[in-house]
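For reference, the structure is listed below as structure tokens.
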Amino acid sequence: MAQTRRDFLKMTAALSAASFVGVQLPLQEQQLAHAKDAEAWHRGTCRLCGVGCRLELGMKDGVPFALRGVADARTNYGFLCMKGMHFWQCLGHKERLKKPLYRAKKSDPFKEISWDKALDIAASQFADAVKKNGPNSVAYYGSGQCLTEETYLFQKIMRGGLQTNNVDGNPRLCMASAVGGYLGSFGADEPIGSYADLEKAHCFFIIGSNTAEAHPVLFRRIMRRKLDNPEVKVINADPRVSQTSRIADKHLQFKPGTDLSLLNAMANVIIEEKLHDQAFLTNYVAFKQGKEGQDASFEEYAKFVAPYTPEAAAKTCGGKITAEDIRQVARWFATSKGTMSLWCMGINQRKQGVWANNLIHNLHILTGQLLKEGADSFSLTGQPNACGGVREAGGLCHILPGHRPVEKEKMRNQVEEAWGVPLGRIPAEPGMHTMSMFTGINEGKIKAIWINCTSPAQSLPNCNLYNKGLATDDCFTICTDIFKTRTTEFANLILPAAFHFEKTGVYGCTERRQQLTRKAVKAPGEAKPEVWIAREWAKRLAAKLNDPVIAQCIKPFEGLEEDFALPQAIWDEYTQKLTKGRDNDLRGVSYAVLARMADGVQWPAPTEEFALTGGTAKKFVKGIDPMADSESKNDLPYQFYGPAHEDRKLWIWLRPQADPSEIPDAEYPFYLSTGRIIDHWHTMSMTGRIPELLRANPHAFVEINPKDAEKLGIKPGDMIEITSRRGTNVLPAKVYEGPIEGTVFAYWHDQEANRMINKVTKDDYDPSAKEPEFKICAVKIKRISGPKPLTPFIVS
Amino acid sequence: MPISGVVITTRPEDLDQTQRFLAACVGVEVHGADDQGNIVAVFDTRTTGEMEHLLKTVNACPLVLHAGITYLNMEDVVDDEGLNSGTFR
């Protein structure tokens, strides 16, 4: 019987699915009448979340036509989510920015200009601002989606060239609390373990993360582990029942902001029932309290958590959790052969974000649920290169490349020497963090800002407030991006950037894994890689400011072609000169090694020989982590050489329950929480332009508990007005047994003016991490009409 | 003709019921399953919009723990209509 192409495709699809799970089908691949296409597949990573899925871009006749997973990939075993399957459509999209656009005043229309002119204007504006108002009147605001080479080069020019630490990025909005938590508890940023622990864990504690939607491919691994081993326990702690809750043995639904009590109560149960690991505490642990980290003792810690009885915590948490629930999950956590905690924005985007991170780490340190197979305190990352680029390569205002704190002179001098710039060139004070940067624009302190690959006009909390400053002509605004966004609406100069697979560079995902994606496609029109843009801009800056030190910053990169040699030289400088001896030692991870290692390399990887083994799956463990051996100070198997704890101990912190910045009252009686939906990425400038993804969720909506809906006369699909002290949205209602009673939940991707939920969210932030409390604010809600048809909106 | 290969995962004890649910979904062909709760299926729809809708429907089924796409072919896609009409939801 003749085989149609449709039959062929169906068989291919079925075999692909079957091969991923080992199901035998009565079909064999060799029996298929292959309709060979002139196809080529290019290896790379996904760019739409922090998991780091390995994938391949399919090309037919020189044009991208598909993305596919790769069955042996260590991160995703071939699975991709729908965002990952579809983002190739951004490569040749008709709405891509193709030429530099300029307007002197923000009320003027944009005009196309040449790159020469655009770079000249960008350099003049920054140079003039520096001359008139000093170096701190300019700023760079980057992204966890920039390649490491891009982040590194921009911050080098800003710090070493323009002498300002006003370098920050959107990971401040999502990961800064995790950074603070890791440094405070472990003395070193980023997780100790790896995804490989997922298949070894016996208990999962998932708190403040809807993994099923935000990290669907990792969720699949967790789910598989649970289904294959029913004795594995899954605890899901969240104010909202989500798809993630479906696999939970126990869902702890608490009132927003009360989880610090819950975590302290779990610690209390563990101590009361003597489930802690005394030997681990004796060998590796110190206790700390207060702002300055004064010493405390185990006894003081036990006394501190004693008032957090399960009964008291259950009451604080809002009555849907019983004291016995808390006892049970504490026992599961402490006594399993390996417990892995996973969390994301529900913990990080909080006024007490660092403390919440510390309290999760406390449980792991207390029980010794660390450093062994299947045990880790593992913060999930939202963006593909928040770790590799921004956290590690100097993309935050207080951290220099190689996890070096700005305020330490020795650290600054190391960087200055590596760059060949005069000692003292990098300012001693950290620069403006994200919220102070945009406050600085409102106050007229920032005269020129470069916003790279992100859309703060939509993604900042209380965005109406900050958009006022961006809208004025007081701050010259440059945006580099691939599409127009809510932020390009406030730009003077829009520079068209190359997209993923249109340029070469490295992403470092959640588990310290560095992966190279090489250019496979020509960028459309005149779009350029950011490394080229930054170098050419710096060349002009040096001339306009007549400053040879700026020229020195780009001297090693002069004349290199931008598609490979330039990013390679930047990567080499960063890894060879600035990670030596640091906890993220990447000296063994050259482009040549990354080309050979399909799954990339996990740091630390000080030598090429070690990098070619795949790197370090578990930090601090002798025999696994080469730095644990080279930095060893005693005979113990674990060596905590992280830069932030001179005593080389893990620290348990005495941190109390503390309320969120805003709690409901008579006028604003509901909590509002926000989050990501599976089909859309951040502000949907990419996914909103992919019809399949836009269709799946063309607009945001608000979830409301059926009991609250009944009280307010709200039916499914009704239009609801959500108002906070800062702004209002009008959204359709989804009446759903999801959010806990008294809480509504909205998605934050929608660009439409009345549906941008960050007009409503609160901009108060963690005093230490400076990460805003997106996740909790007080609102009032009102039904304003029945269902109405809504039109999707994308800035054009 | 969008065609996708999908692994749908359910609890082993829900396997039969889930397969019955999938059999009732237009555009879903079940090709095999194992005793761990993995069901291998092919989704075949007229438009990409229908493909997304189908995936959403399957994911929304309380029996389904996860539906993961492993393969997606989108050649000869029929144009979807009414994307901007606001009426398709």
request  = Under 1.5 on a/c is rounded, so check that first for segment A:58-194, then, if it is not, pick prolate when a/b is larger than b/c and oblate when it is not; a ≥ b ≥ c are the square roots of the alpha carbon gyration tensor eigenvalues.
outcome  = oblate
request  = State whether segment A:670-785 is rounded, prolate or oblate according to the following rule on the C-alpha gyration tensor (a ≥ b ≥ c being the square roots of its eigenvalues): a/c under 1.5 gives rounded; otherwise a/b larger than b/c gives prolate, and the remaining case gives oblate.
outcome  = oblate
query = What's the extension gain from A:Glu299 to A:Ala598 if we count 0.36 nm per residue and subtract their Cα-Cα distance?
reply = 102.7 nm
Integer Hz, Karplus 6.51/-1.76/1.60 couplings in order for segment A:112-126, x for Gly and Pro = 5, 9, 7, 4, 4, 5, 4, 5, 5, 5, 4, 5, 4, 5, 5
task = Output the residues of segment A:238-270 meeting this criterion: accessible area (heavy atoms, 1.4 Å probe) in the chain alone minus accessible area with all protein chains in place is 10 Å² or greater.
result = A:Gln243, A:Arg246, A:Ile247
Qualifying GluC sites (Glu not before Pro) in segment A:553-614, DSSP loop, other Cβ atoms within 10 Å at most 16 = A:Glu558, A:Glu561
task = Would you mind listing how long segment A:176-379 runs along its three principal axes, going by Cα atoms, in whole Å with the largest first?
result = 42, 35, 32
inquiry  = Please compute, for peptide B:46-55, the average count of beta-carbon atoms on other protein chains lying within 10 Å of each residue's beta-carbon.
reply    = 4
message = Rounded to the nearest 10 Å², what accessible area does A:Cys81 have for a 1.4 Å probe in the complete protein model?
response = 30
task = Calculate the spin-label point distance for A:Lys715 paired with A:Asn229, positioning each point 7 Å from the Cα along the beta-carbon direction, and give it in nanometres.
result = 5.0
message = Give the B-A buried accessible area in Å², both sides summed, 1.4 Å probe, nearest 100.
response = 4000
query = Between A:Ala658 and A:Gln576, what length comes free when the chain is fully extended (0.36 nm per residue of separation minus the Cα-Cα distance, one decimal in nm)?
reply = 25.2 nm
ask   = Once label points are set 7 Å from the Cα along Cα→Cβ at both A:Glu311 and A:Asn754, what is their separation, rounded to one decimal in nm?
value = 5.1
inquiry  = So if I place +1 on the C-beta of Lys and Arg and -1 on the C-beta of Asp and Glu, and nothing else carries charge, what would the dipole magnitude of segment A:670-785 be about its Cα centre? I want it in debye, nearest 20.
reply    = 300
ask   = To the nearest 20 debye, what charge dipole does chain A have about its Cα centre, counting +1 at the Cβ of each Lys and Arg and -1 at the Cβ of each Asp and Glu?
value = 1420
task = Mind checking the per residue accessible area of the protein assembly as shown for me, 1.4 Å probe, whole number of Å²?
result = 33
task = Among A:Trp681, A:Asn729, A:Pro669, pick out the residue whose Cα is farthest towards the positive end of the charge dipole of segment A:654-729, where Lys and Arg carry +1 and Asp and Glu carry -1 on C-beta, about the Cα centre.
result = A:Trp681
ask   = For the residue pair A:Asn283 and A:Phe8, what label-to-label distance in nm results when each label sits 7 Å from Cα along the Cα-to-beta-carbon direction?
value = 6.0
inquiry  = In chain A, if the dipole is taken from +1 on Lys/Arg beta carbons and -1 on Asp/Glu beta carbons about the Cα centre, which of A:Gly525, A:Asn442, A:Ala356 is farthest to the positive end?
reply    = A:Gly525
request  = Using amide H atoms built 1.01 Å from N in the peptide plane, name the residues 5+ places from A:Ala248, or on other chains, whose amide H lies under 5 Å from its own.
outcome  = none
message = I'd like the Karplus ³J(HN,Hα) series for segment A:60-66: coefficients 6.51, -1.76, 1.60, θ = phi - 60°, whole numbers in Hz, and an x wherever there's a Gly or Pro.
response = 10, 6, x, 10, x, 9, 6
key: About the Cα centre, charge dipole magnitude for segment A:390-486 (Lys/Arg +1, Asp/Glu -1 at Cβ), debye   = 140
key: For residues of A:210-216, the mean tally of beta carbons on other chains within 10 Å   = 1
note = With the charge dipole of the protein assembly as shown built from beta-carbon charges (+1 for Lys and Arg, -1 for Asp and Glu) about the Cα centre, the Cα from A:Leu636, A:Pro100, A:Phe298 projecting farthest to the positive end belongs to A:Pro100
Summed side-chain charge close to A:Ala778 - residues other than A:Ala778 whose Cβ falls under 11 Å, Lys, Arg +1, Asp, Glu -1 = +1
query = Mind listing the phi-derived Karplus ³J(HN,Hα) values for segment A:95-111, rounded to whole Hz, using 6.51, -1.76 and 1.60 with θ = phi - 60°, and x for any glycine or proline?
reply = 8, 4, 6, 10, 9, x, 10, 9, 8, 5, 10, 6, 8, 7, x, 6, 10
request  = Using a 1.4 angstrom probe on heavy atoms only, work out the carbon and sulfur share of the accessible area of the protein assembly as shown in %.
outcome  = 51
ask   = Roughly how crowded by other chains is peptide B:2-15, in terms of the mean Cβ count from those chains within 10 Å of each of its Cβ atoms?
value = 4
Calculated over chain A: convex hull of Cα atoms, volume per residue (Å³) = 161
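The values are calculated or read from the model by the stated rules, or taken from the named source; none is laboratory data. What you are looking at is a predicted structure, and each value in this text was computed from that prediction instead of being measured. Virtual Cβ from ideal backbone geometry, glycine too; neighbours counted across all protein chains shown. Accessible surface areas use protein heavy atoms only, side chains included; no ligands, DNA or RNA. Shrake-Rupley method; radii C 1.70, N 1.55, O 1.52, S 1.80 Å.
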